[in-house]
Amino acid sequence: MDMRCNLTGQRRIWLFILMIIFIFSFNSESIASFLKASGQDIVDSTGTPILLRGYGLGGWLVPEGYMLHVPGYGSPSYIDSLIRDLVGNLFADQFWSDYRQNYVTKADIDLIAQWGFNSVRLPFHYQVFYDDLTSTFRPEGFALLDTLLNWCEDNQLYVILDMHCAPGGQNKDNISDSDGIEARLWTQPQIYQPLTIKIWKEIAQRYAADPRIGGYDFINEPVLPQGYSNQVLRDFYVQLTDTVRSVDSNHLIFVEGNWYATDFNLLTPPWDNNMSYSFHKYWNLTTIATIQYLIDIRNQYNVPLWMGESGENSNPWYYETRILFENNNIGWCWWAHKKLETITSPLSAIIEPEYQAILNYWSGSASRPSQSVALAALLQMADNLKLQYCESRPGVLRALFDADFGNQSRPFTTLNIPGTIPAVHYDFGTIAVGYSDSEFKNVGGPGGGEWNRGWRYRNDGVDIEHSSDPQGYAYNVGWIEDNEWLKYTVNIANKGIYRADFRVASTLTGGQIRIYINNQPISDIHTVFNTGGWQNWTTLSIEDLPLEAGQQEMIISFPKGGFNLNQIAFTFISSDIKGSDHRIPHDFELKQNYPNPFNASTRIQYFLPEENHVSLTVYDNTGQEISVLVNEKKRAGGHSIPFHSEFVSSGIYFYKIQVEYFEQTRKMLILK
């Protein structure tokens, strides 16, 4: 009896010891996994440098006007007031609950990890955690953060906390939810700075032992008013750091410079041994000269750098900037993973006509919707934020992760010939790799340039807009300029002769198209004629294209611009390349058009024994010129060109070819 009692007591002691060992091991592993500053690196628990690659969860806890397409000031408080004015407080609360529930979900976090990121930056409004009316902290705000931390822990993502809207506003802009007049965090420090410090102390106390948080980004993009020295900013940072360190010695601190995280004057030397300077980069050149002053700070003070926010530019700019950072051992975080109707983020939520009607009302161009109509539209907008309803922008992610983006094109999708190729399905790849365009990034500051004038579908330099072509794709390439081109990786089923039918539209005559396969021209230059409107579509056919079977690189070149292109339909004509119209004839010849008579369109064939300049013109029965079908140098061989009669009436017409010393005219009949 006594022995059994003694053994039971020993078991209890050993169980207790094992529990202590287990708990100690777990806590040691967790604490050891905090991100730390080690010289010029950010390191993990083993001292191994980590290059942070992250996405900002912008728009979720800090709604911004431009993200939601809200006209005007667009601050979170202003947006909230507009919605409450439309639907009342109760329904507004319902909307915001759905909005937050749908904007970022576990599925979003899972996907961000699958994309290849190792961190997220969480921009938050201080009111998420603090109630100004009761001067108390909000349990629901911390519960929301805990949920996010759990999702990120499941995906091994660090969460970097970013106070995006500080009490009083750290700048006077809508992004900080200021009053739009002053950055009162600085002009009224006795009111707003103690509250900011109080909130950060509460956060630090709650999460001091939580390694899932990668660090504290104290203040987003401070901008001190004129006359305020950066010493004011440094003094506040030091006070804030001292307070946080009184309860949390574990977490890495990120310090942003003045003037939207770009000016670090007087913010050196570092005042803490576990801090990193965090800068932002927008709308400027992608050269090392633009960040050399930051690298100099890192080298002089042996402190890490982190690029905490960048984006809102083209894929080529993204690629060049990402390479710039990584070549210089600087981690980065892009902005932002999801927005409404965007090309610059990986996820784009659709704007329905009902929500657009609300935006039109807010802009003053439409009448006020009823409460019920407005609520339904807002709830639909919130529902569209769910991941499963968003459109993807895969080129954004390729620019950030594809090692070959800068030197090797990749298929956008599977393109088969015979078949129809939407013009907007050109290959992935940066400028001069997947396409060539005269404007492909903004390096001139806010509003400094549009790389995609249509602002649709893709985020490259190619200009894309919605198309009204009834026979074409939903989007077309527009604003085509001289010497631009598009590359397509195509799968050709059979060797043979093909016809390419281009859907084109223009208000000008003189645009030019030429086709290359594997950098070799397989067609002459063909002219695009005036179709009567930028969305008035017609077909330009290029005949006698010899194509080899297999995967090929096809370039559609535009020696002269001034037109829009919707799609290219390839039709198999013959397997006999040698027996095609590429034979060299002995004499010049103009064939009778076929069909004849005709209604909508006909084809005209001619043959050249040698390369020569060709003029092919259509006249009415009075001798008045109707259309110039060809006016350029052509190769020797057979040629075929369509004539479309949608802009002329029934009657007898003549078409005339002139080639140096050869001239011939034939008659055709249009019956409508």
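Rule-based calculations on the coordinates, nothing more; no lab input. A quick note: this is a predicted structure, and the numbers were derived from the prediction, not measured. Neighbour counts run over all protein chains shown; Cβ positions are idealised from the backbone, glycine included.
Side notes on the structure shown:
- Between ASN519 and LYS386, the distance separating the two model label sites (each 7 Å from Cα on the Cα→Cβ line) works out to 5.0 nm.
- Extension gain, SER97-THR134: 0.36 nm per intervening residue step, less the Cα-Cα distance, totals 11.2 nm.
- The range 507-625: C-alpha gyration tensor shape, a/c 1.5 cut-off, then a/b vs b/c: oblate
- The range 375-384 - phi-based ³J(HN,Hα) in whole Hz, Karplus 6.51/-1.76/1.60, Gly and Pro as x: 5, 4, 5, 5, 5, 5, 4, 5, 5, 5
- Rounded Å value of the spacing that divides the Cα centres of the range 480-522 and the range 636-672: 24 Å
- Potential lengthening between ARG84 and TRP115 on full extension [0.36 nm per residue; Cα-Cα distance subtracted]: 7.5 nm
- Point-to-point label distance, SER574-GLU632, nm (Cα→Cβ direction, 7 Å offset): 2.4 nm
- Links that overshoot a 22 Å alpha carbon limit, given the list LYS106/LYS386; LYS339/LYS441; LYS495/LYS591: LYS495/LYS591
- Note on ALA209 and ASN155: with the Förster distance fixed at 25 Å, the Cβ-Cβ geometry gives a FRET efficiency of about 0.75.
- Between SER601 and TYR661, full extension at 0.36 nm per residue minus the direct alpha carbon distance yields a gain of 18.7 nm.
- The overall shape of the range 247-383, judged from the alpha-carbon gyration tensor, is prolate: a/c is not under 1.5, and a/b is greater than b/c.
- With a cut-off of 15 Å on the backbone N, the residues of the range 267-304 near the modelled label site 7 Å out from VAL238 along Cα-Cβ are 267-273.
- Helical contribution to [θ] at 222 nm, DSSP H n ≥ 4, -39,500 (n - 2.57), averaged over the chain, rounded to 500: -9000 deg cm²/dmol
- Summary value for the range 50-400: 19 percent relative contact order, contacts being C-alpha pairs under 8 angstrom separated by 6+ residues.
- Computed about its Cα centre, the charge dipole of the range 344-430 is approximately 100 debye, with only Lys, Arg, Asp and Glu carrying charge at their Cβ.
- The range 583-672 gives an Rg/Rh value of 0.97, both radii derived from C-alpha positions and Rh following Kirkwood.
- Antiparallel bridge percentage (DSSP; both residues within the chain; nearest 5): 70 percent
- Each Lys and Arg contributes +1 and each Asp and Glu -1, all at the Cβ; summed about the Cα centre of the range 521-672, the dipole is approximately 360 debye.
- Size of charge dipole - the chain - debye, nearest 20, with Cβ of Lys, Arg +1 and Asp, Glu -1, no other charges: 840 debye
- Contact order normalised by residue count of the chain, Cα under 8 Å, 6+ apart, percent: 9 percent
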